[in-house]
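Take a look at the structure set out below.
The values are calculated or read from the model by the stated rules, or taken from the named source; none is laboratory data. Please read all numbers here as calculations on a predicted model, not as lab measurements. Heads up, the Cβs are rebuilt from the backbone with ideal geometry, glycines too, and the neighbour counts pull from every protein chain shown.
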Amino acid sequence: MEVTDQIKKFEEFIQINHHAELLEKARKGESFLIIDFVELSKFDPDLADILLDQPEEIIRAAELAIDSFDLPKKTKNFRVRFKNLTDTQKFMIRDIRSKHIGRFLYIEGVVRQKSDVRPQVTAAKFECPSCGNIISVLQLDSKFKEPSRCGCGRKGKFRLLNKELVDAQRIVLEEAPEDLESGGQPKRIDIFLKEDLVSPLEDKKTNPGTKVIVNGIVKEVPIILRTGGRSIRFDLIIEANSIGNVQEEFGDLVITPKEEKQIKEIASDPRMFQKIVNSLAPSIYGHEKIKEAIILQLVGGLRKVRDDGMTTRGDMHILLIGDPGAGKSQLLKRASVIAPKARYVSGKGASGAGLTAAVVKDEFLKGWALEAGALVLANKGFCMIDEMDKMSKDDRAAMHEALEQQTVTISKANIQATLRSETTVLAAANPKFGRFDAYEMIGKQIDLPPTLINRFDLIFPIKDMPDKENDERLAKFILNLHQDMSSREAEAEIDTGLLRKYIAYARTRIKPVLTDGAVQEIKDYYITMRNSGSSEESAVKAIPITARQLEALVRLSEASAKLRLSDKVGRKDAKKAIELLDYCLRQVGLDKDTGKIDIDRITTGISASQRSTISVVREAIIALENKIGKTIPVEDIVKEAEEKGIKPDSVDEAIEKLKRSGDLFEPRRGFIQRT
């Protein structure tokens, strides 16, 4: 097809389909027109075919066709953008080869990196000082090009009159994890954006962590060697023609009317909760309470934004701490399969920057670029963090803000950014010494900072204690699975695909409201628990539950109502939430000395009875200081404390804690002194 024919065809096509839109855009001062590829192929299949093989030529023809329309003078350089390419043009990043260079195709992926927007020269005009001739030079390479000679024979310096600039930006696109075969490493490709694709409005589409569709032309870029010469190898880059967002939340799961009917049938089943729990991980024996909690976590509570801008998170975070081989990783892996949008990371392989966000050097447009980490990429989804205890201290500290405020703030290399990370975290860790010590309090064996532990709504210790009956059942269950692959025991009552859709449906479409009955139930439990720890004889009161647990109860109750597809949170939802939280607190926060629940055992590592001991020891030291003098024998302190009913072991422990905090020191063996 001749170029003139192509231009005529486009004129005709735009006249029929886009004339009014074109005039409207010209009036607004916008300089681009979006054409649907399907419409074009209906109008002229040959033209659509040539577009795929020779995109630059055809796009130029379309732009020339627009120039022939009578448009206001200020709208110059009108650009044509194509959307809705057919599936035959969809490629995985890993499948792009040299034969695709110069072809029009589309790819899907997650934006990993984004550089700043910078101007780039497209053409420059030079004047010859000898004859006044004006020479125009197109700037196609990465190096600024000047004319080598003029028509009058002059070589050498030419005067630069003016240069045309366009805004340019580079983003790095990575294959989305759901598109990969298991175990595949996601591949990346550079995308080059310019002109209206980097306008402030379009800029929001390409924030790190968002999933986008890019329609563009594959091009090669020469690699410049250190010596200044060109390498024989080339880099691939896609020059974007248009860019569109993929609805990357739970909405991208298409639920058909038939499936909606099935979902409502499951919800009306009296055994609904049990069915869903059994389908979460049928091949993992036991852990019923944990499975219940994970299901409620997948559905989640409601995120509330108040008028003053304060937000309350609706995501619940759960921490599993357990002995090796108890099936924690299996539960995490299975949850990441069922969750509609999930990322799985493991301790040693995750750094603080890899979880939150990193600032990296941008080689292409020079400068710094922002790269999103796992918690940001899993925005509005789930992040499973395994082997959390194996992470370094600094890396764990990076998670504090992401867990509570649900944002990631980064201030490095002149980039100040706040990224959203409305992410639900399910984490697993081993106890401090690899296995639980039956005689030591659990709070001490969790080797994580108290401030981080405090952000988890539910903490489940998984103990693997020898028990003849239980071991027999477990062995029988596992061996049956190995013996008979189609064992009914490991069959999920609800298909995984349907379960994912059930969770997505409950999570996005149900917005339950707390009823007075549920509020009363939660309030009564909270007040009863708060005041159960306050015994009159103790100097320091135990704090069994804090306001953080109260919010956790609300989230759990809302999740339970969502799971029933109910728009009201009833008493039974509140009771389920209380039952789960109470189970956790009794497992983790029970003080054996007093028989009462004490949340401080987990959150600060020092129980109320210990705090009470420390205050008694302090008083004894001050009293003895007044009698004896500054240097006090430890034996005297032990005697003094024994009179107040405190065991010698507890006294030694309290003195050790005070020495560690810097309140006491040991001038010589067997004696202590206040600092």
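Among the residues making up the stretch 291-314, those that are farther than 21 Å from A281 by Cβ and in a loop (DSSP other than H, G, I, E, B) are G301, L302, R303, R306, D307, D308, G309, M310, R313, G314.
From the list K83, K90, K114, the one residue that fits, being buried (at least 18 other Cβ atoms within 10 Å of the Cβ) and basic (K, R), is K114. Counted as qualifying within the stretch 46-143 are the strands (runs of 3 or more DSSP E) with 1 or more residues that are over 19 Å from N241 (Cα atoms), namely 104-114, 118-127, 134-138. Of the numbered criteria (1) at pLDDT 75 or above; (2) surrounded by 14 or more Cβ atoms within 10 Å (Cβ to Cβ), the one C152 fails is (2). Pairing residues of the stretch 101-119 that are farther than 15 Å from D179 by Cα with residues that are hydroxyl-bearing (S, T, Y), at Cβ distances under 8 Å and at least 6 apart in sequence or on separate chains, gives K114/T206. Within the stretch 190-197, can one find any residue that is basic (K, R), surrounded by fewer than 20 Cβ atoms within 10 Å (Cβ to Cβ) and not in a strand (DSSP E or B)? No.
Let's see how each residue does on (1) of a type in the set (S, T, N, Q); (2) touching a residue at least 60 places away in the same chain (Cβ under 8 Å):
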{"site": "K291", "(1), (2)": "no, no"}
{"site": "I295", "(1), (2)": "no, yes"}
{"site": "L298", "(1), (2)": "no, yes"}
{"site": "R306", "(1), (2)": "no, no"}
{"site": "G322", "(1), (2)": "no, yes"}
{"site": "S329", "(1), (2)": "yes, yes"}
{"site": "A339", "(1), (2)": "no, yes"}
{"site": "G354", "(1), (2)": "no, no"}
{"site": "V360", "(1), (2)": "no, yes"}
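Inside the stretch 256-275, residues that are in contact (Cβ under 8 Å) with a residue 40 or more places away in the chain and either of a type outside the set (A, V, I, L, M, F, W, C) or farther than 13 Å from E493 by Cβ (or both) make up a count of 7.
Does V337 count as surrounded by fewer than 16 Cβ atoms within 10 Å (Cβ to Cβ), more than 24 Å from T418 (Cα to Cα), hydrophobic (A, V, I, L, M, F, W, C) and not assigned by TED's automatic domain parsing to the domain that holds V221? Considered against the rule, which asks whether it is surrounded by fewer than 16 Cβ atoms within 10 Å (Cβ to Cβ), more than 24 Å from T418 (Cα to Cα), hydrophobic (A, V, I, L, M, F, W, C) and not assigned by TED's automatic domain parsing to the domain that holds V221, V337 comes out as yes. Being surrounded by fewer than 18 Cβ atoms within 10 Å (Cβ to Cβ), at pLDDT 80 or above and under 42 Å from the mean Cα position of the chain (by Cα) holds for only one residue in K572, K639, K592, K576, and it is K572. Restricting the first residue to the stretch 556-581 and requiring it to be not assigned by TED's automatic domain parsing to the domain that holds I295, which pairs with a second residue that is buried (at least 19 other Cβ atoms within 10 Å of the Cβ) and acidic (D, E) meet a Cβ separation below 6 Å and a spacing of at least six or different chains? Hits for this filter: S557/D573; S560/D573; A561/D573; V569/E558; R571/E521; A574/E521.
Yes/no per residue for (1) more than 30 Å from L563 (Cβ to Cβ); (2) polar (S, T, N, Q); (3) at pLDDT below 80:
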| site | (1), (2), (3) |
| --- | --- |
| K194 | yes, no, no |
| L201 | yes, no, yes |
| N215 | yes, yes, no |
| I232 | yes, no, no |
| E248 | no, no, yes |
| D252 | no, no, yes |
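Those strands (runs of 3 or more DSSP E) of the stretch 343-421 in which 2 or more residues are closer than 26 Å to R507 by Cα, assigned by TED's automatic domain parsing to the domain that holds L332 and of a type outside the set (V, I, T) occupy 382-386, 415-420. All of (1) assigned by TED's automatic domain parsing to the domain that holds I263; (2) at pLDDT below 80; (3) surrounded by fewer than 17 Cβ atoms within 10 Å (Cβ to Cβ) hold for A475 with one exception: (2). Of all the criteria given as (1) of a type in the set (V, I, T); (2) farther than 19 Å from V214 by Cα; (3) surrounded by fewer than 12 Cβ atoms within 10 Å (Cβ to Cβ), the one not satisfied by I14 is (3).
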